[in-house]
């Protein structure tokens, strides 16, 4: 193979594929990426790609842990070019924003005006489009539901044209796009309803949970008493300390909660410090370090419940303070296993930890929280019950078999795993975990009849039918 | 797609009737293997292996005629299989035969054939599959080399030198693939003496092992993104020693 001619402007040669990976960096694949510069440019790119017969996928900030934003051998639309906050109605609390805008950038625009995101995940480094496509949830799911509950309207670009979708006027395509993992088209903008705040601070109550039972009991009680609740759980402690945790319960602070010197400018933007992690590091996270970190984190938490006033980033986005922290896991990366099980099967939470410990896995970071009612989107992850997110070193022995057994446990308990985190679920379990898959597939077929939008996740889990150019012989779908 | 734990959904096996390959596939079938193409010369043996895999729950098992020495067909085969099977997550290269030893008895044709089966043939096939995997943007090539490739021994120098050739070829291809950052990787597997049909009747060597142990090591290699799997593991450090033994001594080692 000869190198591509340099400086050959006249003939638009196909650009070279580059490695595209999920946040966990455990299974990268190669694709050609192209920056989307405007909604019209997006239409043009989609039309051109549809005509050429290849596959394509939108990508935002690449925070999906597994392969949801990868499109091996295809074309990736880098939506970070669509990053404008288009229109903020500061009296009604409604914002129209481009889909490639990050939550961080949007917050910087709306917080000084007295508004906040009604739902935010644990990082602000996701795009609006990504938040809708994964129908993300936050620490307030038990009260407010998912991100999409606050989306009034979105603009979707598909091979059959540009459509404005809303839950009232076009429920099927709207709710297929919400939690649709980018497989119905490319979102270029959305209109969101915001939540009012009077200060940019949070009142945070921090307390320890001595073991798993106490942790779950405290979280259950917090459903009624607190707006936001989450527990960090020590996933490696054994014996009496099994499931010990640090629980943080939060509320937006009122002016009366602030110390006097902050009251003059209660909506002051947060000055977030951010340390970068350099690329090319070897794996710095090891089992002994995981044990030491978890023990230290627990001991550092106050013995008795304490209240403090914090800026919103350290409460909602503690890990954003370390940019590219996924590099700490080295070349082999890590994966996050997030599942939900209904309340009546809360015992599964314990069983999963026990399975992982018995299999010699060392969860580096574990987050436990409660979910409230499920939303209407067929592929939306949250449903009432308990959700646990577990970070695990990738590339360790027996991980595949161990997590396969955990999947079965979760599925048989009526639970499911989260596509935005997944990189390894078995396709056979998808229908049991997402019983409305068929409804979603029907809606998708109308928006993208020729199956232009495909991700590695979709192919791995057979969310979409195999491409027609591949003879179906022998497949039973 | 290979998943984040390195497990493939589809595989093409060159040397599809190999016992080592069958043991690997049986393990992968427990995870997510759903499409397999067994390529080889002995159609009856392929059909039998195929039936075993179907019984293990692999949904789509096919067999195809493949002769490692038929180089003309290699390029076409890779792209044919890709269009028939869809994405190829794993290409397992398990062609090879020990053949006779002793220069006194060997014919030139026999030597050429052995080197073709063990080196030239699989190497020629590998470039075709590497190209297909690069085009699809992901995939793993796993190639059975041998501990015999570490240092050629008088006891099996035809086989050993051919495997040494293949091993070196794979190391070069590994570097090229890593440099290209195309999402494709290659894993070299160097088993020691394994009790199989190929070694039946031979006096077992030190550190002899079973196909099942080799298969476990291969699956672990896929899980851990290993570039080199030496099995049994003790042969890893021993390989270093093997390279250091003076020729005069190496020559005298019992065969």
Out of (1) away from chain A (no Cβ under 14 Å); (2) buried (at least 22 other Cβ atoms within 10 Å of the Cβ); (3) more than 14 Å from the chain's Cα centre (by Cα); (4) not in a helix (DSSP H, G or I), the one residue B:182 does not meet is (1)
Note: among B:26, B:51, B:47, B:82, just one is within 27 Å of residue B:210 (Cβ to Cβ), surrounded by fewer than 23 Cβ atoms within 10 Å (Cβ to Cβ) and in contact (Cβ under 8 Å) with a residue 40 or more places away in the chain, namely B:26
Is segment A:323-341 home to any residue that is within 14 Å of chain B (Cβ to nearest Cβ), surrounded by 22 or more Cβ atoms within 10 Å (Cβ to Cβ) and under 24 Å from residue A:218 (Cα atoms)?
yes
Given (1) touching a helix residue (DSSP H, G or I) at 6+ places or on another chain (Cβ under 7 Å); (2) crowded, with 18+ Cβ neighbours inside 10 Å; (3) away from every other protein chain (no Cβ under 14 Å), residue B:229 misses just (3)
Filter pass, residue A:62 being in contact with a helix residue (DSSP H, G or I) (Cβ under 9 Å, 6 or more places away or on another chain), at pLDDT 95 or above and under 25 Å from residue A:395 (Cβ atoms): yes
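Only residues that are touching a residue at least 60 places away in the same chain (Cβ under 8 Å) and more than 12 Å from residue B:214 (Cβ to Cβ): list them for segment B:187-197, please.
If the condition is that a residue be touching a residue at least 60 places away in the same chain (Cβ under 8 Å) and more than 12 Å from residue B:214 (Cβ to Cβ), then B:197 is the only one that fits.
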Wholly inside segment A:90-181, helices (runs of 4 or more DSSP H) that include 2 or more residues that are farther than 19 Å from residue A:372 by Cβ and without any contact (Cβ under 8 Å) to a residue 60 or more places away in the chain are A:103-110
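Looking at segment A:402-414, which of its residues are surrounded by fewer than 24 Cβ atoms within 10 Å (Cβ to Cβ) and in contact (Cβ under 8 Å) with a residue 12 or more places away in the chain? Show your work before the answer.
In the first step, residues of segment A:402-414 are kept if they are surrounded by fewer than 24 Cβ atoms within 10 Å (Cβ to Cβ); the result is A:402, A:404-409, A:411-414.
Correct list: A:402, A:404, A:405, A:406, A:407, A:408, A:409, A:411, A:413, A:414.
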Counting only strands (runs of 3 or more DSSP E) wholly inside segment A:330-398, the ones holding at least 2 residues that are under 15 Å from residue A:23 (Cβ atoms), touching a strand residue (DSSP E or B) at 6+ places or on another chain (Cβ under 7 Å) and not assigned by TED's automatic domain parsing to the domain that holds residue A:290 are none
Of the residues in segment A:274-333, those that are under 27 Å from residue A:254 (Cα atoms) and under 23 Å from the mean Cα position of the chain (by Cα) come to A:274, A:311, A:312, A:313, A:314, A:315, A:316, A:317, A:318, A:319, A:320, A:321
Here the residues within segment A:407-423 that are within 13 Å of chain B (Cβ to nearest Cβ) and touching a strand residue (DSSP E or B) at 6+ places or on another chain (Cβ under 7 Å) are A:407, A:417, A:421, A:423
(1) over 30 Å from residue A:64 (Cα atoms); (2) within 10 Å of chain A (Cβ to nearest Cβ); (3) buried (at least 24 other Cβ atoms within 10 Å of the Cβ) all hold for residue B:2 apart from (1)
Of (1) away from chain B (no Cβ under 13 Å); (2) out of contact with any helix residue (DSSP H, G or I) (no Cβ under 8 Å at 6 or more places or on another chain); (3) assigned to a loop (DSSP other than H, G, I, E, B), residue A:87 fails just (3)
Flagged in segment A:312-325 as assigned to a helix (DSSP H, G or I) and in contact with a strand residue (DSSP E or B) (Cβ under 7 Å, 6 or more places away or on another chain), in numbering order, are A:312, A:315, A:321
Within segment B:76-101, restricting to residues that are more than 21 Å from residue B:42 (Cα to Cα), part of a helix (DSSP H, G or I) and touching a helix residue (DSSP H, G or I) at 6+ places or on another chain (Cβ under 7 Å), the one that is nearest to the other protein chains (Cβ to nearest Cβ) is B:82
Note on segment A:227-257: residues buried (at least 20 other Cβ atoms within 10 Å of the Cβ) and over 23 Å from residue A:356 (Cα atoms) are A:228, A:229, A:248, A:249, A:250, A:253
Selection from segment B:134-153 of residues more than 14 Å from chain A (Cβ to nearest Cβ), in contact (Cβ under 8 Å) with a residue 24 or more places away in the chain and either within 16 Å of residue B:115 (Cα to Cα) or not in a helix (DSSP H, G or I) (or both) yields B:141, B:142, B:143, B:144, B:145, B:146, B:149, B:150, B:151, B:153
Counting only helices (runs of 4 or more DSSP H) entirely within segment A:399-449, those with at least 2 residues that are at pLDDT below 95 are A:399-412
Only one of (1) away from every other protein chain (no Cβ under 14 Å); (2) touching a helix residue (DSSP H, G or I) at 6+ places or on another chain (Cβ under 8 Å) does not apply to residue A:389, and that is (2)
If we ask which residues in segment B:17-45 are more than 10 Å from chain A (Cβ to nearest Cβ), part of a helix (DSSP H, G or I) and under 16 Å from the mean Cα position of the chain (by Cα), their number turns out to be 8
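The values are calculated or read from the model by the stated rules, or taken from the named source; none is laboratory data. Note that this is a predicted model, so its numbers are computed, not measured. Methodologically, a virtual Cβ is constructed for each residue, glycine included, from the backbone with ideal geometry; neighbour enumeration extends over all protein chains shown.
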